[in-house]
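Below is one structure, written out as structure tokens, with a few remarks after it.
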Amino acid sequence: MKIIEGLKKVKDLTKKVEDLHIKIEKAAADTELDTPLYSDQRTKVSAWLQAVHDILLEIELLKYRIQKTNILTDVVIELGNKNITKSISQWIMRRQLYASQEKKAWQQLTDRGLQTQAARSSNTSDVKYYKVRRYFDPEERDKMVSLYDSEPSIIDGKLEIINAITDLLE
């Protein structure tokens, strides 16, 4: 089974559990005035409870296999003309959080609205101009912001392929 198949199966099984929850809730009790929904309602409810248990065990195993595969499978992705190797799990974390945090850090490199200022010396009438000092290279900043801006879609594209071709580990 491929990763994507496992993910879809987890989703389908989760939906089955949710449907069983509704059935259990509706059939768990009634009054003597009500007509039972099933001829042996107690057995039906017990069977549904067992089905929920069995399905959750299957989901647990699938998720374990997905996590194991994500941790143990390395993927090479080219970013900024460099080939970078990380596990699927690391790429997922990078995609969800870390790329945007790096982008934000580079975006913080601004002039903060500062401008060259003129000031007179207190003991002379000379005017001195004080320029804005940057402690970063604006071209490098722009390049890095662009790189980190595109990184999530690059990761998504590569992981879509990996999810489709990688078998789940046992």
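Annotations for the structure displayed:
Yes/no matrix, rows are residues, columns are (1) free of Cβ contacts under 8 Å to residues at least 12 places away in the same chain; (2) part of a helix (DSSP H, G or I); (3) out of contact with any Cys (no Cβ under 7 Å at 6 or more places or on another chain):
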{"site": "Val10", "(1), (2), (3)": "no, yes, yes"}
{"site": "Lys15", "(1), (2), (3)": "yes, yes, yes"}
{"site": "Lys26", "(1), (2), (3)": "yes, yes, yes"}
{"site": "Ala29", "(1), (2), (3)": "yes, no, yes"}
{"site": "Leu33", "(1), (2), (3)": "yes, no, yes"}
{"site": "Trp48", "(1), (2), (3)": "no, yes, yes"}
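- Test: residue in the range 3-21 that is β-branched (Val, Ile, Thr) and closer than 19 Å to Asp156 by Cβ: yes
- When the range 18-61 is limited to residues that are touching a Leu at 6+ places or on another chain (Cβ under 7 Å) and among the small types (Gly, Ala, Ser), the one that is modelled with the lowest pLDDT turns out to be Ala27.
- Residue within the range 116-129 that is surrounded by 11 or more Cβ atoms within 10 Å (Cβ to Cβ) and not hydroxyl-bearing (Ser, Thr, Tyr) present: no
- Yes/no for Val52 being more than 25 Å from Lys8 (Cα to Cα), surrounded by 12 or more Cβ atoms within 10 Å (Cβ to Cβ) and of a type outside the set (S, T, N, Q): no
- Residues satisfying the stated conditions in the range 107-148, i.e. under 28 Å from Asn70 (Cβ atoms) and touching a Lys or Arg at 6+ places or on another chain (Cβ under 6 Å): Tyr148
The values are calculated or read from the model by the stated rules, or taken from the named source; none is laboratory data. Just so it is clear, the model here is predicted, and its values are computed rather than measured. Neighbour counts run over all protein chains shown; Cβ positions are idealised from the backbone, glycine included.
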